[in-house]
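What follows is a set of notes on a single structure, which appears directly below.
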Amino acid sequence: MRALRLDNGRLDLVDAPVPCRAGECLVRVTMAGICGTDLEMVKGYAHFTGIIGHEFVGVVESVSRPEDRHWTGQRVVGDINIGCGVCASCRDGVKEHCEAREVLGIHGRDGAFAEYLTLPASNLHPVPDAVGDTAAVFTEPVAAACRILEQVEIGPSRHVAVLGDGRMGLLIAQVIRTAGASIVLFGKHADRKAIAHSLGLDTRDAPASPLPRADRFDVVVDATGSADGLQRALDCVRPRGTVVLKTTVRDPGTIATWPIVVEEVTIVGSRCGPFLPALDLLARGDVRVEPLVTRVTGLGDHARAFAEADGGLKVIFAVS
Ligand SMILES: [Zn+2]
Ligand SMILES: [Zn+2]
């Protein structure tokens with residue numbers, strides 16, 4: 001099969017064997033999206049060698065266990081964390097924190113920029129008919145946005161700011177809006193702010209200096225993708241407010257921590273989230289993703305696709 005393999009920071013289209021794992025389902029990948037994590041990995045984050053890619057939609061081609069037979073032919077998306085199944089985290093149902101976990105296309109297991117991948121049936125979710133393939137590719141990042149609603153109480157009376165008008169910022173702002181909160185998206189790119197505006201989001205220029213106390217927010221989500229995002233979030237949050245961190249960058253950055261203490265700010269790290277509510281939001285059209293698609297192209301066009309995804313919005317591979 002054709003696959004995009006990362007080796008030592010070099011990405012190549014290679015001919016790879018169709019994967020086969022006992023107990024798992026073989027999925028023919030229809031579409032797969034490039035996300036910020038993929039871009040970071042190509043720059044050296046996670047030290048992964050193998051087929052990258054983890055945001056996908058596909059069709060189950062075959063299964064290895066008779067009890068999974070009903071999955072054959074099903075259009076699916078997949079949870080990217082595969083736990084060991086026996087540790088305390090796995091027993092508690094939080095396989096994303098299993099120390100021995102594998103993560104599709106990120107850690108210990110080949111991913112989705114390929115014609116085929118395998119996952120256990122327990123990781124798969126059927127895609128509702130109302131969600132097209134392009135939208136389904138966004139399930140994983142929308143799920144990551146939904147994670148915030150599990151972690152922080154966000155109701156109609158809350159004032160929430162999202163910093164960053166990139167892929168994640170545009171998804172997070174739409175997801176948080178569904179909770180009824182008033183939401184402001186801070187960005188700096190005219191084209192993306194136009195997209196945000198077309199999605200009905202209140203968008204403003206990123207503040208150059210700390211906001212006056214009266215203008216500060218109850219909850220601030222850092223989706224800037226840059227090392228100074230936390231500082232900028234602290235400049236926007238009210239005392240006893242909450243900062244949610246969605247940015248993963250290699251750069252350690254530096255920050256004065258005393259304002260966190262003095263203003264009693266709660267800092268919440270937030271990673272992977274639940275697929276079912278994400279599919280639900282996509283099916284209802286409460287989260288719209290089509291305006292975020294910059295390009296749909298083939299695996300062979302990977303150099304241009306990655307260049308365009310870096311600084312652009314969502315670039316998607318149409319695989320099969
Ligand atoms: Zn991703
Ligand atoms: Zn485990």
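The values are calculated or read from the model by the stated rules, or taken from the named source; none is laboratory data. None of these values were measured; they are calculated from a predicted model. Every residue, glycine as well, gets a Cβ built from its backbone with ideal geometry; the counts of neighbours run over all protein chains shown. Calculation scope for accessible area: heavy atoms of the full protein, side chains included, ligands and nucleic acids excluded. Shrake-Rupley method; radii C 1.70, N 1.55, O 1.52, S 1.80 Å.
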Options Val42, Val57; residue that is within 16 Å of ligand 1 (Cβ to nearest atom) and closer than 18 Å to Val289 by Cβ: Val57
Options Gly44, Gly23, Gly53; residue that is part of a loop (DSSP other than H, G, I, E, B), touching a residue at least 40 places away in the same chain (Cβ under 8 Å), small (Gly, Ala, Ser) and touching a Pro at 6+ places or on another chain (Cβ under 9 Å): Gly23
message: Regarding segment 120-140, can at least one residue be identified that is under 30 Å from Gln231 (Cα atoms), in contact with a helix residue (DSSP H, G or I) (Cβ under 6 Å, 6 or more places away or on another chain) and modelled with pLDDT of 95 or more?
response: yes
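Among the residues of segment 260-272, is there at least one that is on the phi > 0 side of the Ramachandran plot, more than 19 Å from the chain's Cα centre (by Cα) and open to solvent by 30 Å² or more (accessible area, probe 1.4 Å)?
Step one: list which residues in segment 260-272 are on the phi > 0 side of the Ramachandran plot, which gives 264.
Right, trim to more than 19 Å from the chain's Cα centre (by Cα) and you get 264.
Next, only the ones that are open to solvent by 30 Å² or more (accessible area, probe 1.4 Å) stay: 264.
Scanning segment 260-272 turns up at least one residue that is on the phi > 0 side of the Ramachandran plot, more than 19 Å from the chain's Cα centre (by Cα) and open to solvent by 30 Å² or more (accessible area, probe 1.4 Å).
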task: Keeping to segment 79-134, report how many residues are open to solvent by less than 40 Å² (accessible area, probe 1.4 Å), of a type outside the set (A, V, I, L, M, F, W, C), assigned to a loop (DSSP other than H, G, I, E, B) and more than 12 Å from ligand 2 (Cβ to nearest atom).
output: 5
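Of all residues being more than 16 Å from ligand 1 (Cβ to nearest atom) and either open to solvent by less than 30 Å² (accessible area, probe 1.4 Å) or in contact with a Ser or Thr (Cβ under 6 Å, 6 or more places away or on another chain) (or both) in segment 64-78, which is nearest to Ala22 (Cα to Cα)? Just the residue, please.
Just the residues of segment 64-78 that are more than 16 Å from ligand 1 (Cβ to nearest atom), to begin with: 64-76.
Narrowing the set further to residues that are either open to solvent by less than 30 Å² (accessible area, probe 1.4 Å) or in contact with a Ser or Thr (Cβ under 6 Å, 6 or more places away or on another chain) (or both) leaves 68, 76.
Values: Asp68: 12, Val76: 19 Å.
The selected residue is Asp68.
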Residue count, segment 207-225 (criterion: surrounded by 16 or more Cβ atoms within 10 Å (Cβ to Cβ) and at pLDDT below 95): 2
- prompt: Residues of segment 142-199 being in contact (Cβ under 8 Å) with a residue 40 or more places away in the chain, open to solvent by 40 Å² or more (accessible area, probe 1.4 Å) and assigned to a loop (DSSP other than H, G, I, E, B), which ones?
  reply: Arg158, Thr178
message: When the residues of segment 65-78 are narrowed to those that are in a helix (DSSP H, G or I) and out of contact with any helix residue (DSSP H, G or I) (no Cβ under 6 Å at 6 or more places or on another chain), which ends up nearest to ligand 2 (Cβ to nearest atom)?
response: Glu67
message: When you check Val60 against the structure, is it touching a Cys at 6+ places or on another chain (Cβ under 8 Å), within 25 Å of Ala136 (Cα to Cα) and buried (at least 21 other Cβ atoms within 10 Å of the Cβ), yes or no?
response: yes
task: Would you mention how many residues in segment 159-193 are at pLDDT 95 or above and among the charged types (D, E, K, R)?
output: 1
task: For segment 122-163, name all the residues that are within 16 Å of ligand 1 (Cβ to nearest atom), touching a Leu at 6+ places or on another chain (Cβ under 8 Å) and under 25 Å from Pro207 (Cα atoms).
output: Ala145
